[in-house]
Amino acid sequence: MNIVFALAQIYGVEGDISSIARVGSGSACRSMFGGFVKWEMGANADGSDSLAVQVAPETHWPEIEILILVVNDHRKDTSSTEGMQQSVVTCDLMTYRCKEIVPRRMKEMEHAILSKDFEKFADLTMRDSDDFHAICAATQPPIYYMNDISRRIVGLIHKFNKASGQAKVAYTFDAGPNACLYLPKQNVAEVLSLVLSHFPAPSTTSSNEYVRSKDETIVAQAKAITPSSSTASLYGSSSDASGLKYILHTKVGPGPQIITDPSMHLIDEKGHPKL
């Protein structure tokens, strides 16, 4: 995604470049825009109308934040592109999903985003994640991107939402074991508190290294949380300090940006990476 954007700037390419990014990765085309973005399937045989379209800018729903629970940062055995190619050929569920489920769910998700309906957003997000991994498992040979920690997180989120009486957080997993949790800002400290009770930082890792956030107070906020009577039983029943590599706290942001401030560059004036 960043490479396509950078090359477009260098060579003066104008207009929609999401179709170029899509050649390298389907996911990359959506990253050419900020905020909430959908990937249109298109109808042309050459794929020329399979483009990314922004549903809403990052300013539309600023209350939504993200916790990424990094379970494993190693290279996956089966790439997402290779995996989907296998699924198209060997999994009957894939055809039904593409024809019946995805078009309907895309419309429902777009409406949930535009109306800021988190309850619906959460339900659709988790269902679609579950469906994707069910198709991977039904592919021949089966593909298993999630692991035991991933499944434990899924169970924990469902129990937490049920005990809370509402959807406070939603999970999604792409082609890998790492959990991406979407949640309103007001729920971040509480959910992080729950996660840390099950997956605390290793004794050799500081809180700031383990929970990486621009908000330096977020860990303190999480530690100050007193669980409600309905959710208290979910905390720390069995902690695993080796379950997660680290946690990222971020939010929905803009698309690729041109950086003019040299202090923000990742490389120095000699082209060497800054350490």
Discussion item. Assuming 0.36 nm per residue, please report the length gained on full extension of the stretch N44 to S79 beyond their Cα-Cα distance.
Written reply: 10.0 nm
Worksheet item: Any idea what Rg and Dmax come out to for segment 120-275 if you just take the C-alpha atoms, in Å?
Response: 18.1, 58
Worksheet entry | Average accessible surface area per residue within the chain, 1.4 Å rolling probe, Å² | 58 Å²
Item to complete: For segment 132-141, take each phi angle, set θ = phi - 60°, evaluate the Karplus expression 6.51 cos²θ - 1.76 cosθ + 1.60, and give the result in whole Hz per residue in order, putting x for glycine and proline.
Response: 4, 6, 5, 5, 4, 5, 8, 6, 10, x
Item to complete: Describe numerically, in nm with one decimal, the distance between label points set 7 Å from Cα along Cα→Cβ at V55 and at L266.
Response: 2.7 nm
Discussion item. Here are a few candidate values for log10 I(q)/I(0) by the Debye sum over Cα atoms at q = 0.07 Å⁻¹: (i) -0.29; (ii) -0.21; (iii) -0.79. Which one was actually calculated from the structure I just gave you?
Written reply: (i)
Item to complete: Please give the FRET efficiency for K274 paired with K185, using the beta carbon to beta carbon distance and R0 = 22 Å, rounded to the nearest 0.05.
Response: 0.10
Discussion item. Let's test the formula: R0 of 51 Å, r as the Cβ-Cβ distance of E63 and V89. What FRET efficiency results, to the nearest 0.05?
Written reply: 0.75
Worksheet item: Contour minus end-to-end for Q257 and D131, with contour as 0.36 nm per residue of separation and end-to-end as the Cα-Cα distance?
Response: 42.0 nm
Item to complete: Report in % the part of the accessible area of segment 64-222 that belongs to carbon and sulfur, leaving out ligands and nucleic acids; probe 1.4 Å.
Response: 52 percent
Response to the item:
Expected sort for 215-224, 164-173 on mean C-beta neighbours within 10 Å, highest first, is 164-173, 215-224
Discussion item. What is the sum of charges, Lys and Arg at +1 and Asp and Glu at -1, for the other residues whose Cβ falls under 12 Å from the Cβ of A201?
Written reply: +1
Fill in: Charge tally in the Cβ shell below 12 Å around T231, where Lys, Arg are +1 and Asp, Glu are -1, T231 excluded
+2
Item to complete: Based on the mean of other Cβ atoms within 10 Å per residue, sort peptides 98-106, 133-141 so the most packed one is first.
Response: 133-141, 98-106
Worksheet item: Of the residues S206, S129, S18, which exhibits the maximal mean-square fluctuation in a Gaussian network model of the chain defined by a 10 Å Cα contact cut-off?
Response: S206
Fill in: Positive minus negative residues near K159 (Lys, Arg vs Asp, Glu; Cβ under 12 Å)
+3
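The values are calculated or read from the model by the stated rules, or taken from the named source; none is laboratory data. Just so it is clear, the model here is predicted, and its values are computed rather than measured. Heads up, the Cβs are rebuilt from the backbone with ideal geometry, glycines too, and the neighbour counts pull from every protein chain shown. Accessible surface is based on the protein model in full, side chains and every heavy atom, while ligands, DNA and RNA are left aside. Shrake-Rupley method; radii C 1.70, N 1.55, O 1.52, S 1.80 Å.
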